[in-house]
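The values are calculated or read from the model by the stated rules, or taken from the named source; none is laboratory data. Keep in mind the model is a prediction, meaning the values are calculated, not measured. Glycine also receives a Cβ, built like all others from the backbone with ideal geometry; neighbour counts cover every protein chain displayed. Heavy atoms of the whole protein, side chains included, go into the accessibility calculation; ligands, DNA and RNA do not. Shrake-Rupley method; radii C 1.70, N 1.55, O 1.52, S 1.80 Å.
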Amino acid sequence: MLKSGVMLARTTLNREAYKALRSAILGRKLPPGRKLIVRVLAEELGLSPTPVKEALSALEREGLVVAVPHRGYFVLEPTLEDVQEIYRLREVLEGLAARLAVEESGKTLPAKLERILERQRKAAERGDIAGYGDLDLSFHRTLWQAARNRRLLAVAETLDGQIRLLINSSAAIPGRLPLSLAEHEAVLEAIAAHDPDAAETAMREHVQRAGRALEGHLRAS
């Protein structure tokens, strides 16, 4: 019984450390390229080093943290190759999700997406990039779930953190945010028309454009 209690406490602390660090990375409190020093993070979180180390290992598996031999952990700083790999995979995954969402979902999906899109418009007007990024991912996640394909959802959720990090970067590129909104509107129109071909095409084009914008931004920086 004692061992069970100890294990439960340890698992809870690991989860707390993971959630806190993940939130800090996605919110850019820990920006791309930042070195993550276990001792410092443990002190800031009020935890021992063990749950912090395990949280960093979990974040490495998720692709948000990179372990460099003899140097330690660093927040992922996406390279051009990273963006190309992720967005090529996203294009296929998101396009299929949009198609299946049309084929599998009921009449309530367009209204759900419109509500998210309206909140995105308001976040864009406020210049709230972080809030916009959250809603952007919510728009896509709604389609993943509406596709009713457990394996597609599992793959998408594996990429969730990396996509969220890149969405924030994409939304911050000058001029990109209104274009992203217009692309979401095109996806919504195709879904409302119950046209799976148009929905897949609109989504693929959206992901392609976001990927090209990020590639151009990385080349210029």
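In table form, for the structure just shown:
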item	result
Cross-link reach list, lysines versus residue 53, counting only Cα pairs under 17 Å and skipping chain neighbours closer than eight places	19, 35
Distant-in-sequence amide H partners of residue 76 (H built 1.01 Å from N, under 5 Å)	33, 65, 66
Three-way shape label, the chain, alpha-carbon gyration tensor, a/c 1.5	prolate
3J(HN,Hα) from dihedral phi, the stretch 65-82, Karplus parametrisation 6.51/-1.76/1.60, rounded to Hz, x for glycine, proline	10, 10, 9, 9, x, 6, 10, x, 9, 9, 5, 3, 10, x, 8, 4, 5, 4
Apportionment of accessible area to carbon and sulfur, the chain, percent (1.4 Å)	54
Å² of accessible area per residue within the chain, as computed with a 1.4 Å probe and no ligands counted	54
Label point distance in nm, residue 118-residue 195, each placed 7 Å from Cα along Cα→Cβ	2.4
Length released on extending from residue 138 to residue 80, taking residue separation times 0.36 nm less the Cα-Cα span	18.4 nm
217, 140, ranked by accessible area, largest first (probe 1.4 Å)	217, 140
Computed [θ] at 222 nm, deg cm²/dmol, the chain (DSSP H ≥ 4; -39,500 (n - 2.57); rounded to nearest 500)	-26500 deg cm²/dmol
Under 23 Å from the Cα of residue 112 - lysines, other chains or at least 8 residues apart	122
For the stretch 34-39, Karplus couplings with θ = phi - 60° (6.51, -1.76, 1.60), whole Hz, Gly/Pro x	5, 6, 10, 9, 4, 4
Protein-only accessible surface order, largest first, of 195, 134 at 1.4 Å	134, 195
Theoretical FRET efficiency, 1/(1+(r/R0)^6), r = Cβ-Cβ of residue 40 and residue 221, R0 30 Å, to 0.05	0.65
Only Lys, Arg (+1) and Asp, Glu (-1) charged, at Cβ; the stretch 92-221 dipole about Cα centre in debye	280
HN-Hα J in Hz across the stretch 176-187 - Karplus 6.51, -1.76, 1.60, θ = phi - 60°, x for Gly and Pro	6, 4, x, 5, 4, 4, 4, 5, 5, 4, 5, 4
